[in-house]
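> Structure in C-alpha cells, see below.
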C-alpha cells in the first residue's frame, strides 16, 4: 500500500474532528532539516544534519482549545492524535469561563517558497568546513587571540497547513546564518568580538556575500583593541547605537511589550506581562517624534515574512509606534477580538509541529530618519558608539532594561575616538525612547534576525527580524560592567 | 482519556532501542558508531486569568547517529523510526564524516560500563495525562478564585525514554519522568509565585504552593519605592538557585584551561564562603538524578565545591583526558549546603534580620562580565522590606549588579537545603540564606 500523502493525512484528521462537533480545527504537518556546522579553536567541532518531522492538530471545541502532536506520521497515529486533541479541548471547555472567538480571516489557498540562488544544503560540505577553518585561521593568526569560533547554520521547513475553514497552505521555507568570534587575552583579562551575518531567508549567497575572511581580520583586530581598551567611567552619555545593537533593544523593549497576549496576562507566569496595557493604545507617548516602529511581516527575506502565520492569516504591515505614540499590537485570531480588532495582524507562530502557535513579535523595525551616521556622531560632545549584542536583561513588564554590546567607542567632541570596554547602559523603556533625537537615513538601514526568542510554556523559540538605521539617544546612564563598579 | 502508559503509542522500550541500535551498528561501515535515543512524551495544561488557555500533549521520538572514520565524524538524526529512515540517517552521518576534516579532539566512544540504576520513572508520573493535569490546574485556579486572585501557571508531566549505544558494547537505557507546577498569583499589580519540579507528580504540593503564592501576592500590594543601593538580603531558595545556576554554568574546564573562565587559576582555592559545599547527589529522591549522560558516561555522586574550595570543573572528554581526569563528574542533581547550625525556616531568617530585602525570586539573570562572573537580573514576584524581624512592606522590584563570587563570600544565616526551581534553572536543593551585602543598581516602576 502506498504511504498516504500529507493532504490525505490532513483530510483524515480534519474529517474526524469535524464529526466531533468542534467549531474549528487545523493541522500542521512539517518536515524540517537543519544543518549546523560549528568550529572551535581551529577545528571543526561538530557537523549535525537533523531531520525533524511530525504533525500537530489544534481543535477549538465549545470555545476552548486542545492540541496534540506526534512525530509518527501514520494511519494509526493521525486519528489517535486527532481524537486526543478533541478530548483535550473538551476538558478545557469543561472549565472555560470565557469562550475563544476567532477573528475572521478569508480562506487562503497558496504555496509560499523562499527564493534563493544557492541552496545551502547543496553546497559541498568541504567548501563550508574550509570556509570555517580558514576563518578561524585568520582570527587566530593575530597574536593575542586565545580562542576562535565560527559556525554556519541552515534550515529548511516544508510545511502543510490545512484548516476546517478551507484554508490550504504549503510552505517551502529556507533560512541561514554564519558567524565568527575571536577572544583576546591581555593581562589576565579576556574580551570577545564577533561578526554575525543576519539570520535571513536567503540561500548560501548570504554567506558568500558576507565575506567571513575579511570580517575575521577586522574582528581579530578589534578583539585585541577591546581587551586593551580603558574601562568606561560611570556616568551619563549620549549613545549612538548601530543597527545590530538596536535590533536587540527593539526586540526586548518594543517587541515583547507589543505582544497582545502578554498585555492580556497570558504570559504572566513566565515571560511576563507588558507595560503597554490596552488602555494606552492610541494615547501613550512611548518615544520621541523620531521614533516610528513598524511591524512588517511582508518584507522579503525577513524571518517572519512567511506569507501566512500559523493561524493561516496573511502576513501584513502595521504601525506599533507612530511618531512616538503607541498605536498597535502583535496579535493572533484569538486575542485580536479582545481589543475590538476585526482581523488578526497575523503574528501567531509555533516553532515547529510539536508546539501550539502563540503570539510572537513581528518583524518590528525602526523607520529611518534623515541624518547620516556621521551627522548623528558630530552632534555628540561626550558619548559612546555601540555595535553588536552583549549582555541583556529586562524586567517582566519591560520597563527596566540593561544592555551591554559587542564593541564600544568613545565619542568626544563629535568624533569617534578609541575603543572602551565594560560598557553597560540601563534605563526605563519610555524614558529611553523619548531621549531619541535622531535616526540615520535609509542607506544605513540593516536587518538582523532572531531565532532563539524564548516564550511560552512549554518553551518555544520565535523567529523574527528587526531592522534599524543608527539612532542617537541623549543622556543615558552608563555603568561599568565589572567588579568594583 | 489517553495516559502515558504502555498503550499505543508506547514509548520505545529497551529491547526496541537495542534492536534499532543494532540495526545501525550492523550496517555501519564507520570505525565507531554511537546511537542515541530520546523518545519524549509530554503534556502541559496552561492557565491564565483563572482559566485554561492552552492544553497540549506532544510526543517526539528522535534517534541520532554519530559515526567516525578515524577522527572524521558526523551526526545525523531522524524522528522517523522506520528501517528505511534509520538507514538513511546512518548514510547521512557517514557522508558527513567522510567529508569532514579530522577533529584533533575526537575520542572513541567511552568503554562499556554498568550504569547506576535510579528510580527515574515514577509510575504515577508516567501514567499522568491530560485529566490529571487539568485536575491540578483546576485546584490551583479554584484556590485563587476563592481569594479573588488571578492565577496564571502550568501543570505539566513528561515521560522520556533515553538511550545510548555504541559499537564497542556500550549500552544504556533509562526511562525518566518529571512533573512541574508553577503559579503566579496576581492581586492587582502585586504578584506572588511558587513552583515545583519533581520525579513524582504526587509531590507537587499544589495546595501548599498555591496558598504560598496567594499569600505573597496579597502581601505585595502597595509596594514602596526604595533607593537602589547595597542591602542585606534574604534570598529564598529560588533566588539562590538562580545565582548558583550561573556559577555552575561557568565551570567549563576548557575555558578554564584556555584562561577564559572566571575561575581561571582558582582550582583548589577558596571561591566562596568556607562553609558552603556543592555536591552532585543523583540518588536524592527530591532531585532529578540520572543514570548516565548523553555521551554515555555514568552520573556520579561528586563534590564540586568543598567548604568553599573549588574542587571540580565540567569536563568534556578531550579536556578531561588532557588534564588526566579519569572520572568525569556530572552535575545534574546539585545540592548546596552550609556547614554549621541552620535555622528551621525562612520565617526565622526574617526574624533574625534587623533590616534587609526579602527576595522571592530573580528573573532574566544574565552575565555582564564573564571574567568576574558579574551578573544582572531583576527581583520578581515578591520583594519585601524587612525591619526588626518583620516584613513591613512590599517594595518595588530592583535590578541587581553583582557577582555571586562576591555575594557568597560571607553568609549571615541560612536554612537547611530546600527544593528550588525557577523558570530559568533546573531543579536544585539549596538553602534560603541571608547575605550581608547585595548591590541593587536600579529600580523599576512596579
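> Between segment B:124-154 and segment A:326-343, how many Å separate their Cα centres?
If you average the Cα positions of each part, the centres end up 28 Å apart.
> I need A:232, B:325 ordered by Cβ neighbour count within 10 Å, fewest first.
Fewest-to-most Cβ neighbours within 10 Å comes out as B:325, A:232.
> Let me ask another. For a label point 7 Å from the Cα of residue B:269 along Cα→C-beta, name the residues of segment B:303-330 whose backbone N is under 12 Å from it.
In segment B:303-330, the label zone of residue B:269 (backbone N under 12 Å from the point 7 Å along Cα→Cβ) covers B:310.
> Please order B:316, A:211, B:103, B:57 by the number of other Cβ within 10 Å, starting at the fewest.
Listed from fewest to most nearby Cβ atoms, that is A:211, B:316, B:103, B:57.
> Right, something else. Taking beta carbons within 10 Å but only from partner chains, what does the mean come to for residues A:60-72? Numbers along the way, then the final one.
Numbers: counts 0, 0, 0, 0, 4, 6, 6, 7, 8, 5, 8, 12, 9.
Taking the mean over all residues of the peptide, I get 5.
> By how many degrees, 0 to 90 and rounded to 10, does the Cα axis of helix A:212-228 deviate from the longest principal axis of chain A?
Long axis of A:212-228 versus the principal axis of chain A: about 60 degrees.
> Quick one: if the Förster radius is 60 Å, what FRET efficiency do residue B:131 and residue A:134 give, using the C-beta to C-beta distance and rounding to 0.05?
0.55
> Moving to a separate point now. On a C-alpha basis, how far is the centre of segment B:355-430 from the centre of segment A:389-421 in Å? Whole number, if you could?
Spelled out, the Cα-based centre of one part sits 25 Å from the other.
> Hey, another quick one. What nm value, rounded to one decimal, do you get for the distance between residue B:82 and residue A:285 when each label is placed 7 Å out toward the C-beta?
Reported label-point gap for residue B:82 and residue A:285 is 6.4 nm.
> When Cβ neighbours within 10 Å are restricted to other protein chains, what is their mean count per residue of peptide B:437-445?
That works out to 4 on average.
> So, one more: As I understand it, the value is the acute angle between the Cα axis of helix A:125-141 and the longest principal axis of the Cα atoms of chain A; what does it come to in degrees, rounded to 10?
The answer is roughly 30 degrees.
> Using alpha-carbon positions, what is the distance between the centroids of segment A:40-76 and segment A:236-261, in Å?
Value for the Cα centre distance between the two parts: 31 Å.
> What share of all Cα pairs of segment B:14-215, in percent, falls into each consecutive 5 Å distance bin?
1, 8, 14, 14, 12, 10, 9, 8, 8, 7, 5, 3, 1, 0
> Give the peptides A:124-130, A:266-272, A:374-380 in descending order of average Cβ contacts within 10 Å, highest first.
Ranked by mean Cβ neighbours within 10 Å, highest first: A:266-272, A:374-380, A:124-130.
> Starting from the Kirkwood radius over alpha-carbon pairs of segment A:42-177, derive D by Stokes-Einstein at 37 °C in a medium of 0.692 mPa s and give it in µm² s⁻¹. Each step should come with its number before you reach the end.
Details: Rh = 19.4 Å.
The Stokes-Einstein estimate is 169 µm²/s.
> Could you grab the relative contact order for segment B:222-446? Cα pairs under 8 Å, six or more apart, rounded to a whole percent.
It comes to 31 percent, rounded to a whole number.
> If you stretched the chain out fully between residue A:165 and residue A:5, how much longer would it get, using 0.36 nm times the residue separation minus the C-alpha to C-alpha distance? Show your work: numbers first, answer last.
Numbers: separation 160, 0.36 × 160 = 57.60 nm, distance 2.02 nm.
Length gained between residue A:165 and residue A:5: 55.6 nm.
> Indicate the gyration tensor shape class of the protein assembly as shown (rounded, prolate or oblate), computed on the Cα atoms with a ≥ b ≥ c the square roots of the eigenvalues: a/c under 1.5 is rounded; otherwise a/b larger than b/c is prolate and the rest oblate.
Rounded is the answer for the protein assembly as shown, as its axis ratio a/c remains below 1.5.
> Using helices alone, I'd like the mean residue ellipticity at 222 nm for chain A: each DSSP H run of four-plus residues gives -39500 (n - 2.57), total over residue count, nearest 500.
For chain A, the value works out to -6000 deg cm²/dmol.
> Taking just the alpha carbons, could you work out the radius of gyration and Dmax for segment A:235-480, both in angstroms?
Spelled out, the Cα radius of gyration and Dmax of segment A:235-480 are 17.5, 55 Å.
> As an exercise, use a Förster radius of 25 Å and the Cβ-Cβ distance of residue B:207 and residue B:348 to find the FRET efficiency, rounded to the nearest 0.05.
0.60
> Next up: Return the Cα extents of segment B:1-110 along principal axes one, two and three, sorted largest first, each rounded to a whole Å.
Result, largest extent first: 58, 30, 25 Å.
> Taking a ≥ b ≥ c as the square roots of the eigenvalues of the Cα gyration tensor of chain A, is the shape rounded (a/c under 1.5), prolate (a/b larger than b/c) or oblate? Could you put the intermediate results ahead of the total?
Values: a/c = 2.29, a/b = 1.44, b/c = 1.59.
Oblate.
> Report the paramagnetic label zone for residue B:98: residues of segment B:66-83 whose backbone N is under 17 Å from a point 7 Å from Cα along the Cα-to-Cβ axis.
B:66-76
> Can you give the average number of partner chain beta-carbon atoms within 10 Å of each beta-carbon in peptide B:176-187, as a whole number?
That average works out to 2.
> Return B:53, B:309, A:424 ranked ascending by Cβ neighbour count within 10 Å, so the fewest neighbours appear first.
Numbers: B:53 24, B:309 17, A:424 27.
Exposure proxy ranking, most exposed first: B:309, B:53, A:424.
> Percentage of Cα-Cα pair distances in chain B greater than 27 Å, rounded to whole percent? Each step should come with its number before you reach the end.
On the way: 58816 of 99235 pairs.
More than 27 Å apart: 59 percent of the Cα pairs in chain B.
> Compute the angle between helix B:130-146 and the longest alpha-carbon principal axis of chain B, please, reported from 0 to 90 degrees and rounded to the nearest 10.
That helix lies at roughly 10 degrees to the long axis.
> Calculated FRET efficiency, residue B:321 and residue A:375, Cβ-Cβ r, R0 41 Å, to nearest 0.05?
0.10
> Quick check: residue separation of residue A:233 and residue A:111 times 0.36 nm, minus the Cα distance between them. What number comes out in nm?
Result: 38.4 nm gained on full extension.
> What is segment B:222-446 by shape, rounded, prolate or oblate, if you read a ≥ b ≥ c off the alpha carbon gyration tensor as root eigenvalues and call it rounded for a/c under 1.5, prolate for a/b larger than b/c, and oblate otherwise?
prolate
> Run the helix sum for chain B: -39,500 (n - 2.57) per DSSP H stretch of 4+ residues, divided by residue count, reported at 222 nm to the nearest 500 deg cm²/dmol.
The helix contribution divided over chain B gives -7000 deg cm²/dmol.
Throughout, read-outs are computed from the coordinates displayed, never taken from laboratory work. Computed from a predicted model, the values in this text were never measured in an experiment. Backbone-built Cβ (ideal geometry, glycine too); neighbour counts: all protein chains shown.
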